[in-house]
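Novice: Pasting a structure here, questions to come.
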Amino acid sequence: MNEIFGGYLPMILKGMIITIEVALLSLVLSLFLGILAASARLYGGAISRIIATSYTTIIRGIPDLVLMMLIFFGGQILINNIGDKFGSDYIDIDPMIAGIITIGFIFGAYMGETFRGAIMAVNKGQIEAGHAYGMTGLQVFIHITFPAMIRHAIPGFFNNWLVLVKTTALVSVIGLEDMVYSAKVAGDTLRQPFTFYVLVGFLFLLITAVSDLAMRWFERKYNVGDH
Amino acid sequence: MDFSIIIDNLPLLFKGLGLTLQLLAISLVIGFILSIPLSIMAASINPWLRIPVKTFIYIFRGTPLLIQIFIIYYGFSQFDWLRESIFWVIFKQAYWCAVIAFSLNTAAYTAEIFRGAILQTQKGEIEAAEACGMSRFDQYRHIILPSALRRSIPMYGNEVIFMLHATVLAGVITLVDLFGAAKIINSRHYAPFESFISAGLFYLVITFTIVFIFKLAENHFLKHLKR
């Protein structure tokens with residue numbers, strides 16, 4: 001195998017690990033933001049609802065790469081302005097952190113919509129029953145609404161995840177050495193850009209295929225109670 | 001923040017806006033034209049028609065658009081026979097590579113939308129058409145496609161917005177679209193906030209316009225489905 005790709009296969013696989021790391025960490029951030037956004041829109045007061053609604057609108061209206069550039073270059077200036085006041089040295093923003101923050105922030109909005117729909121699909125009677133038992137609002141959410149909504153959230157969740165994985169390719173544009181970046185380096189050095197980009201395309205398809213299997217498994221597990 | 005930079009660079013931004021809209025329009029038209037036969041083939045019961053098209057759709061939906069553009073723009077230069085052929089006039093230009101990648105990508109996504117809508121056509125409509133003695137071609141032309149395309153309008157609206165946001169990748173392969181213009185302003189003046197926020201606002205306005213147009217289209221074409 002090593003011979004076929006001119007000894008660059010380990011580098012591509014290392015890039016693949018970075019791609020998966022970025023994807024998983026952004027996913028964690030997006031889940032956190034998504035739950036916040038969904039709760040704000042469903043249970044919040046007027047102000048939190050306005051914030052949550054403008055968050056989803058802005059994210060859906062502005063291309064991901066523009067947001068990433070804004071956070072990468074803008075964050076650099078912001079952090080150093082703050083750093084100057086405390087007399088610290090020049091700080092470089094890590095493209096990995098910029099990438100994770102941007103992608104997590106973007107998909108938080110989509111996860112928020114998925115969770116909102118899923119929460120609204122939960123049987124009202126179950127929630128009322130919880131209240132009738134004297135549970136507090138938070139208890140109802142943790143013990144009833146949240147576990148019951150997972151089933152409804154699975155298809156949307158996996159759809160967001162698949163789009164998220166593909167979006168991680170953009171971190172190569174801000175210089176993170178993910179699998180697209182590694183393919184560029186390897187392809188340029190060996191003058192075989194086609195070979196390496198196609199290889200990376202296949203690796204993305206591989207991640208998609210594995211995710212599909214995981215989704216089937218989750219759907220079977222969480223639809224047990226459904227008849 | 002110093003927005004006089006933006007005012008000085010407005011002509012550049014508007015030129016970029018022009019290219020963004022042009023790329024979007026051309027790709028959408030080509031993608032739409034391709035997607036109709038593709039969706040009919042993908043909905044066919046004949047595996048010789050269905051499997052190749054479904055593979056095409058799977059590959060283009062499963063890999064990042066960035067990779068697709070890189071394969072076409074950088075990757076194809078690997079082949080000497082292509083560089084020596086007449087097609088090289090097209091493939092050596094970033095503009096045409098972007099158009100090809102965007103068109104094929106949106107054709108795949110759109111075909112998948114239309115395929116779903118075609119398969120959801122009510123049996124009764126097709127049976128009525130058969131009872132009237134319509135040929136398969138007439139059924140598609142007068143019954144199935146008009147009804148399926150109408151029902152696809154909301155999903156297709158999302159695809160158009162997705163494509164608008166995807167055109168930023170033209171800016172990655174050296175073209176000066178709206179995003180490319182913002183990148184130039186940022187590198188000339190080191191003004192990430194001014195440049196990317198302005199570009200973001202442009203994209204927001206176009207997104208809202210597209211949403212508005214599709215709302216009008218839905219009201220007009222989907223009146224019969226409203227309750």
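Novice: Here are A:ARG191, A:ARG220: which of them is free of Cβ contacts under 8 Å to residues at least 40 places away in the same chain and facing chain B (nearest Cβ under 10 Å)?
Specialist: On inspection, the qualifying residue turns out to be A:ARG191.
Novice: A further question follows. Which one of these is over 18 Å from the mean Cα position of the chain (by Cα), farther than 27 Å from B:ILE185 by Cα and at pLDDT below 90: A:GLY75, A:GLY134, A:GLY87, A:GLY125?
Specialist: A:GLY87
Novice: Continuing with this model, one more query. Does A:GLU128 qualify as being in contact (Cβ under 8 Å) with a residue 12 or more places away in the chain, surrounded by fewer than 19 Cβ atoms within 10 Å (Cβ to Cβ) and among the acidic types (Asp, Glu)?
Specialist: The answer is no for A:GLU128.
Novice: Those residues that are of a type in the set (Lys, Arg) and open to solvent by 80 Å² or more (accessible area, probe 1.4 Å), I need them from the stretch A:75-116; list them, please.
Specialist: Scanning the stretch A:75-116 gives a single hit, A:LYS85.
Novice: Go through the stretch A:128-205 and tell me which helices (runs of 4 or more DSSP H), entirely inside it, have 2 or more residues that are under 28 Å from A:PRO63 (Cα atoms).
Specialist: Output list reads A:146-167, A:179-190.
The values are calculated or read from the model by the stated rules, or taken from the named source; none is laboratory data. All values reported here derive from a predicted model rather than from experimental measurement. Cβ coordinates were reconstructed from backbone atoms using ideal geometry, including for glycine residues, and neighbour counts include every protein chain displayed. Please note that ligands, DNA and RNA were not included when accessible areas were found on the heavy atoms of the full protein model with its side chains. Shrake-Rupley method; radii C 1.70, N 1.55, O 1.52, S 1.80 Å.
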